[in-house]
Amino acid sequence: MTSTAPIDPIRKILATALLIFPCVFILVFIMHFRRLADFLSFHWQYVPGQPERVVAALIAQHNRAPLIHDPHMIAYLSLPVIPLCAFALYLLGRRARPVASAIAMMTTITGTIYVGGSLPCGPHSTGDWEPSIRQI
């Protein structure tokens, strides 16, 4: 009789990660829209908000609305869940296609590290996807 006791905590952690990942990122997506009408309003081009208004609103809050409620901050803080999900999916597919599963897991982990490093200095600092001279 074989015991699976050492595997159970790992399986529970990976199963929790597979459950948390889509829920958190669906929440992040939903948090971008204040009303249903905002979700159904499409624009061909991104128009950034005026920095003066954003800074004035942040100053007026007096740190009563912490950045943890920002959807981008929630997504950034939940990035460590993605490699756990990649490892869980690797474990599921390693018997059928071991090389493809390993490559997919390594690519996912590399992409997560890249996104984790690029989010803090990304498009939110200038309002567009082009880097400014100050960032280079």
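The values are calculated or read from the model by the stated rules, or taken from the named source; none is laboratory data. Not measured: the values here are computed from a predicted model. Note: ideal-geometry Cβ built from the backbone for every residue, glycine included; neighbour counts use all protein chains shown.
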If I go through the stretch 99-112 residue by residue, how many of them are closer than 19 Å to Ile10 by Cβ and loosely packed, with under 13 Cβ neighbours inside 10 Å?
0
His62 is checked against (1) surrounded by fewer than 10 Cβ atoms within 10 Å (Cβ to Cβ); (2) at negative phi; (3) not aromatic (Phe, Trp, Tyr) and fails just one. What number does that condition carry?
(2)
Starting from the stretch 27-52, keep only residues that are acidic (Asp, Glu), then list their pairs with residues that are assigned to a loop (DSSP other than H, G, I, E, B) whose Cβ atoms are within a distance under 9 Å, requiring at least 6 positions of separation or different chains.
Asp38/His32
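Yes/no matrix, rows are residues, columns are (1) hydroxyl-bearing (Ser, Thr, Tyr); (2) at pLDDT 85 or above; (3) part of a helix (DSSP H, G or I):
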{"position": "Phe33", "(1), (2), (3)": "no, no, no"}
{"position": "Val54", "(1), (2), (3)": "no, no, yes"}
{"position": "Arg64", "(1), (2), (3)": "no, no, no"}
{"position": "Ala86", "(1), (2), (3)": "no, yes, yes"}
{"position": "Val99", "(1), (2), (3)": "no, yes, yes"}
{"position": "Thr108", "(1), (2), (3)": "yes, yes, yes"}
{"position": "Tyr114", "(1), (2), (3)": "yes, yes, yes"}
